[in-house]
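Visitor: Here's a structure for you.
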Amino acid sequence: MEPMGYSKKVMEHFMNPRNVGVIKNPDGYGKVGNPVCGDVMEIFIKVKDDIITDIKFKTFGCGSAIATSSMVTELAKGKHVDVAMKMTRDDVADELNGLPPQKMHCSNLAANALHEAVKDYKKKKRK
């Protein structure tokens, strides 16, 4: 374990986050925040035939928030939107080889932001 109880994988995703940025005119957009800690996560997705073909994130928050945002984008890319909707905070934390208990809410935020982006995509698709 790294300092403060963070795994090497958490530190890697914090120091070198994947899929950072914004997608112009996304097919789906999700934004969630935690009023207690102040973390805010935004997820942008491009979808073709219900498969997430591109995904980006913007996160304002701690190292865990950045690492979980990065990991959730890695997990969701190339997946069917229904599979993405089933991703949980535990899936994200497990892929990062765990998070300190006081940081588990970050993985919840990352999964929730992804879910919001998929819901937005499905809503737009119905129109």
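The values are calculated or read from the model by the stated rules, or taken from the named source; none is laboratory data. This one's a predicted model, so the numbers in the text were calculated from it and none came from an experiment. Note: ideal-geometry Cβ built from the backbone for every residue, glycine included; neighbour counts use all protein chains shown.
Visitor: Within the range 64-86, which residues are assigned to a loop (DSSP other than H, G, I, E, B) and in contact with a strand residue (DSSP E or B) (Cβ under 8 Å, 6 or more places away or on another chain)? Even if it seems obvious, please write down each step before you answer.
Guide: Our first condition is that a residue be assigned to a loop (DSSP other than H, G, I, E, B); within the range 64-86, this holds for 77-79, 86.
Correct list: 77, 78, 79.
Visitor: Moving on. Residues being over 26 Å from residue 53 (Cβ atoms) and out of contact with any helix residue (DSSP H, G or I) (no Cβ under 7 Å at 6 or more places or on another chain): count how many of those fall in the range 91-127.
Guide: So the answer is 4.
Visitor: Just to check your reading of the model, which residue among 103, 124 is under 24 Å from residue 8 (Cα atoms), basic (Lys, Arg), in contact (Cβ under 8 Å) with a residue 40 or more places away in the chain and part of a helix (DSSP H, G or I)?
Guide: 103
Visitor: Scanning the range 70-95 for residues that are at pLDDT 95 or above and among the small types (Gly, Ala, Ser), which turns out farthest from residue 42 (Cα to Cα)?
Guide: Checked the range 70-95; the qualifying residue farthest from residue 42 (Cα to Cα) is 78.
Visitor: Restricting to the range 17-47, name every residue that is in contact (Cβ under 8 Å) with a residue 40 or more places away in the chain, surrounded by fewer than 24 Cβ atoms within 10 Å (Cβ to Cβ) and farther than 14 Å from residue 108 by Cβ.
Guide: Matches in the range 17-47: 17, 18, 19, 20, 26, 27, 29, 31, 42, 47.
Visitor: Filtering the range 17-39 down to residues that are within 11 Å of the chain's Cα centre (by Cα) and part of a strand (DSSP E or B), which residue is farthest from residue 114 (Cα to Cα)?
Guide: 20
Visitor: OK, next. Have a look at 63, 78 and point out the one that is of a type outside the set (A, V, I, L, M, F, W, C), out of contact with any Leu (no Cβ under 8 Å at 6 or more places or on another chain) and on the phi > 0 side of the Ramachandran plot.
Guide: Working: 63 fails: on the phi > 0 side of the Ramachandran plot.
None of the others qualify; the one that does is 78.
Visitor: Looking at (1) assigned to a helix (DSSP H, G or I); (2) modelled with pLDDT of 95 or more, which is the one condition that is false for residue 14?
Guide: (2)
Visitor: So how many residues does the range 48-99 have that are without any contact (Cβ under 8 Å) to a residue 40 or more places away in the chain, surrounded by fewer than 18 Cβ atoms within 10 Å (Cβ to Cβ) and within 18 Å of residue 7 (Cα to Cα)?
Guide: Here the count works out to 3.
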